[in-house]
Amino acid sequence: MNDNRPSELPPVVLVVDSDILVRHVIAEYLRTCGYEVLEAATGAEAEIILEVEAERVEVVLADASAAGDREGFALSQWLREAHPKIDVILAGSTAMAAAHATNLCEDGPGVDKPYQPQQIVNRIKWLKSRRDKGR
């Protein structure tokens, strides 16, 4: 058995990244670890998915470097306001992205790109344990 598998019902993770290869690789890795994964190429797609799935989604992994109204940091800020129970992991390629993520995301600093998929699993587990303890 894969020791990365969650011990209980896994969180549903929404992966938001315009790079289809990055999105599919991390989504498949998370699935092999037992997570249910939804995918969106843009923040606008993520918003549509969340209209239906917000009650199930516990974590959003989003590309911090994407620009636009519902991309990157703007998506994180919108999620905090519209869906405060959903944890956010921002992935960016610069130290500045991590610094912004710390300020915009209560869920801790962002993850630098390129990241190892296991880093995301570790962050999801940490967020889940924090949520289970009542933050």
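Taken together, the values in this text are just the output of simple stated rules run on the coordinates, not laboratory data. What you see is a predicted model; the values in this text were computed from it and never measured. Here Cβ is always computed from backbone atoms with ideal geometry, including for glycine, and neighbour counts include all displayed protein chains.
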Checklist entry - Which residues does a label at A74 reach in the range 20-46, if reach means a backbone N under 20 Å from a point 7 Å past the Cα toward the Cβ? => result 20, 40-46
Checklist entry - How many nm separate the modelled label positions at R56 and V25, each set 7 Å beyond the Cα in the direction of the Cβ? => result 2.7 nm
Next on the checklist: What do you get for GluC sites (Glu not before Pro) in the range 33-88 restricted to DSSP loop and a cutoff of at most 14 other Cβ within 10 Å of the site's Cβ?
Outcome noted: E55
Item to check | Full-extension gain in nm, E36 to S18, via 0.36 nm per residue minus C-alpha separation | outcome: 4.5 nm
Item to check | Cα-projected label distance for K85 with A44, points at 7 Å along beta-carbon direction, nm | outcome: 2.9 nm
Checklist entry - Cα to Cα, under 23 Å, and not fewer than 8 places away if on the same chain: which lysines meet these conditions relative to K113? => result K125, K128
